[in-house]
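*Asks:* Supplied in structure tokens, the structure appears directly below.
Each reported figure results from applying straightforward, stated rules to the coordinates on display, with no laboratory input. This is a predicted model, so every value here is computed, not measured. Because the Cβ atoms are built from the backbone with ideal geometry, glycine has one as well, and the counts that use them run over all protein chains shown.
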């Protein structure tokens, strides 16, 4: 994405070009959420709950706090089980049972706040593209904690899956999220995946069940001992991914009018994630020092942060009706990290960790600057709704 100019303040860097801002001016929210679970359970509950929210509660704060609960569960679990091996078969020091209750609470609260932030926004008259971008941008970063935390139940080894398989599960989750926004880039309508609500309720149920019966309950074989239960869990993720891809392809095929002029223009946003996914799998499989097993947390978080940055740029493009970027600095650094790891294998792990910190800092800078730029453009505040009172006067 082009760099327009550098303001005096480092957090006022203008990543968005004039055509983006012009597109945001005319943007209209267009979303379809017809999952039976959403229609008959989630939305009725959220509609009932949001009535009790004080009107001073800022929607973006709800979004940030909800995302904070998700990340809190991830980082607490990382502190307790950094190498994702405490729940391995025969472990004498498993993850404490209380954590799974906390994980269920964090997931439920995160999902609830993520579902009510938009309703609160419409309730107080603060709806706008800035809030939607802020919401979906943070959601794109949540694919890593959702995936890694749930598979920590299995640990490693006999009753688990390999780190490379776990990477593939993460990629399948990211494909579902990315495809939703890629579809909107082409059709102008966001059809929310049925898998999202199902996955959130599923996570809460699995965490609570783990808290009640213990992690050992999940250590068993199926199909006559051919595979373990973790493998069938993995297959479930792939099936959800496949069904989401089929649904998106159907929606694009049935669209009355596509926003993109050609097929090549329509698939343009997919190239960065194809490169990201392909290079990640190659690195994980052929790593000189098996870095994905040496530090799976940094590996997954680094890859997930690049994915979030790519997806944020797609979200901006589909909201602003502009051409999506196919290159960004975080992806360039990530690919350079892989190349440098093969060139200097003795320092592969330090290279990964330093690159992760750099990529995370760049992603945070991008997100903060974009939100601040949009707030300046629309003359609003991200975490304060006092401007609504001034408008009413």
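*Asks:* Hey, among the residues in the range 286-301 that are in contact with a helix residue (DSSP H, G or I) (Cβ under 6 Å, 6 or more places away or on another chain) and over 22 Å from residue 142 (Cβ atoms), which one's surrounded by the most Cβ atoms within 10 Å (Cβ to Cβ)?
*Replies:* Here the residue is 291.
*Asks:* Another question, if that's okay. Checking the condition touching a residue at least 40 places away in the same chain (Cβ under 8 Å) and touching a helix residue (DSSP H, G or I) at 6+ places or on another chain (Cβ under 6 Å), which residue from 271, 283 passes?
*Replies:* Working: 271 fails: touching a helix residue (DSSP H, G or I) at 6+ places or on another chain (Cβ under 6 Å).
One residue alone meets the criteria, 283.
*Asks:* Might you check whether a residue that is crowded, with 19+ Cβ neighbours inside 10 Å, under 29 Å from residue 74 (Cα atoms) and either touching a residue at least 60 places away in the same chain (Cβ under 8 Å) or touching a helix residue (DSSP H, G or I) at 6+ places or on another chain (Cβ under 6 Å) (or both) occurs anywhere in the range 246-268?
*Replies:* Scanning the range 246-268 turns up no residue that is crowded, with 19+ Cβ neighbours inside 10 Å, under 29 Å from residue 74 (Cα atoms) and either touching a residue at least 60 places away in the same chain (Cβ under 8 Å) or touching a helix residue (DSSP H, G or I) at 6+ places or on another chain (Cβ under 6 Å) (or both).
*Asks:* Within the group 237, 229, which residue is over 22 Å from the mean Cα position of the chain (by Cα) and crowded, with 16+ Cβ neighbours inside 10 Å?
*Replies:* Details: 237 fails: over 22 Å from the mean Cα position of the chain (by Cα).
Criteria check complete, one pass: 229.
*Asks:* Could you please let me know if residue 159 is crowded, with 20+ Cβ neighbours inside 10 Å and under 29 Å from residue 221 (Cα atoms)? Can you show your working first?
*Replies:* On the way: crowded, with 20+ Cβ neighbours inside 10 Å: yes; under 29 Å from residue 221 (Cα atoms): yes.
Yes, satisfied.
*Asks:* Would the range 329-341 turn up any residue that is in contact (Cβ under 8 Å) with a residue 40 or more places away in the chain, under 21 Å from the mean Cα position of the chain (by Cα), in a helix (DSSP H, G or I) and buried (at least 19 other Cβ atoms within 10 Å of the Cβ)?
*Replies:* To start, the set of residues in the range 329-341 that are in contact (Cβ under 8 Å) with a residue 40 or more places away in the chain comprises 331, 334-335, 338, 341.
Checking which are under 21 Å from the mean Cα position of the chain (by Cα) leaves us with 331, 334-335.
Subset that is in a helix (DSSP H, G or I): 331, 334-335.
Among the residues that remain, those that are also buried (at least 19 other Cβ atoms within 10 Å of the Cβ) are: 331, 334.
The answer is yes, given that some residue of the range 329-341 is in contact (Cβ under 8 Å) with a residue 40 or more places away in the chain, under 21 Å from the mean Cα position of the chain (by Cα), in a helix (DSSP H, G or I) and buried (at least 19 other Cβ atoms within 10 Å of the Cβ).
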